[in-house]
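Each remark here refers to the structure printed beneath this line.
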Amino acid sequence: MPSFTQQLRLPLVGTESPSEQACGNGRERLASLLAQDLDFHDKRSDYCSHNFHSFPAKFPPQLPRRFILGLTDPGDIVLDPMVGSGTTLLEAVLAGRRALGFDIDPLALLVSNVKTTPFSAERAADAGGEVLRFARFALVGRADQLRHELETRFDPKTRRFIEYWFAPRTQLELLALVLGLERVEDSLARSFLRATLSSIVITKSGGVSLARDLGHTRPHRAEEKEPRCAISEFEKRLERNLRSLRQLDAEPGCAQVLCGDAQQLPLGPGTVDLIVTSPPYASNAIDYMRAHKFSLVWFGYPIDALSQKRRQYIGGEATQEFAFEGLSPKAGERVAAVAAADAKKGAALNRYYSEMTRCIREMFRVLRPGKVAVLVVGTSVMRGIDTLTHVCLADIAEAIGFEVIGIATRRLDRDRRMMPARNGEARASQIEHRMHEEYVIGLLKPNRVEACDARRTS
Ligand SMILES: C[S@@+](CC[C@H](N)C(=O)[O-])C[C@H]1O[C@@H](n2cnc3c(N)ncnc32)[C@H](O)[C@@H]1O
């Protein structure tokens, strides 16, 4: 198996020399792309493997595609350091670019890998058929063994979680599928089938679990819910996901997804040609792990280990022993405003802007001079105060050395984007209004000469 640097033919150490595409040209192109309509509400997003698995706050594929086509050439390297479900990477692959993604979330890594890795649909179909046969047989002929396995396989806390969120019948069905999956030797087929299994658990409405509103990462247990048969759901979903896999076959680009922290990227300086990413919201507004543990527990992750992991996500609320950064003026002012209303919330916002300072610093380092980073962000409300995330991240980026080319506003299609649930939608305040929008920040890493000129004239 070639390493990711070999497969993508990435330079281990990049270049700090100016890109061939003149900076000025990049600036104009970016400004004109930002000025176009970025809503894409009437556009389909279910082509290729985009709809393989639901994912909160996934952006429409047309958004990264606009910037990939407008700002890079075939063979260029496109990075998403917070890859989520891999929308940027898939669009880069479809456009014949080399795509690279990082995330720390185990489910994001699984889903984005499967969505962007071409692989024999015949092998996947055969393995899926075997899993279904095994699961059906086990449910009828080995029910006692399945029940025993259910009692002994998980630690007590994980077991309690499963008991609470899944009906007894569903527990047996999912376990039968998992045991079938574990027999699949081909690792690509196994990952594909795992992601398929996960996609029947994590759906907007909570899939085969007893949860409602899993899509908004705010699950609550619905006593009255009649979960569907997991075996039939898996079979249906398998057919659908095999169709997406077949569409990936002939695509010209390639992608690599790795576990890595966006605050400390394992890449040399000046290695990538474009970044398109959407960071998490401040203050855990979308709590990925809260939803993702619904399928991760079935793949052997204990609840305690997942809770530990949750603390590492950008936008978490724990601030004990956290190493804060010096903030840019606007970010500092927002943190002070929130802290005056609630010290704990202020510290959480301070943590978020500190983490994002480190991420943006890394983006600046790994980009080639003259190249662009596009950040898609939503703002949050803490103790009634708008965090003005777009304004603050642009301010942080400028302090690091980026040139802020523009901040465009796009209207959210909330049903499709699976955004955090809000109470009191009717309140027509300015902040409420903002929650229906998100912002596309266009940043340019100036060529060194230009940056010096700019400093001399200012
Ligand atoms: C808004 S989502 C990205 C959605 C993505 N644009 C898509 O279309 O699917 C943000 C992602 O950031 C990830 N994340 C959180 N903390 C991270 C960190 N320290 N390093 C890398 N990724 C992180 C989360 O796991 C989540 O997948």
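Quick note: the coordinates plus some simple rules give every number you see, no bench work behind them. Everything numeric in this text was worked out from a predicted model, so none of it was measured. A quick note on method: Cβ atoms are made from the backbone with ideal geometry, for glycine too, and the neighbour counts reach across all protein chains shown.
Dividing the convex hull volume of the alpha carbon atoms of the range 121-246 by its residue count gives 108 Å³ per residue.
Angle of helix 187-201 to the longest C-alpha principal axis of the chain, folded into 0 to 90 degrees and rounded to 10: 90°. Listed by chain and number, the aspartates and glutamates placed with their C-alpha closer than 14 angstrom to that of residue 115 are 46, 91, 249, 251; residues fewer than eight positions away on the same chain are left out. Bridge orientation summary for the chain: considering DSSP beta bridges with both residues in this region, about 50 percent are antiparallel. For the chain, the longest principal axis of the C-alpha atoms and the axis of helix 156-165 are separated by about 90°. When peptides 162-171, 370-379, 320-329 are sorted by average Cβ neighbour count within 10 Å, with the highest value leading, the order is 370-379, 162-171, 320-329.
What you get for the range 121-246, charging only the Cβ of Lys and Arg (+1) and of Asp and Glu (-1), is a dipole of about 340 debye around the Cα centre. Residue-wise HN-Hα couplings along the range 362-379, as the Karplus relation 6.51 cos²θ - 1.76 cosθ + 1.60 with θ = phi - 60° gives them from phi, are 5, 4, 4, 5, 7, 6, 6, x, x, 10, 10, 10, 10, 10, 9, 9, x, 9 Hz; Gly and Pro carry x.
Computed about its Cα centre, the charge dipole of the chain is approximately 460 debye, with only Lys, Arg, Asp and Glu carrying charge at their Cβ.
Rounded to the nearest 20, the Cβ-based charge dipole of the range 179-315 about its Cα centre (Lys and Arg +1, Asp and Glu -1) stands at 360 debye. Using the Cβ-Cβ distance between residue 148 and residue 404 with R0 = 56 Å, the FRET efficiency computed as 1/(1 + (r/R0)^6) comes to roughly 0.40. Give, as ranges by residue number, the residues of the range 235-259 whose backbone N falls under 20 Å from the point 7 Å along Cα→Cβ of residue 123. Only 238-258 pass the distance filter. Could you pull out which residues in the range 275-296 have an amide N less than 12 Å from a spot 7 Å beyond the Cα of residue 321, following the Cα-Cβ vector? Answer for this model: none. Between the C-alpha center of the range 200-258 and that of the range 86-100 there is a gap of 22 Å.
Between the helical axis of 23-35 and the longest alpha-carbon principal axis of the chain there is an angle of about 60 degrees.
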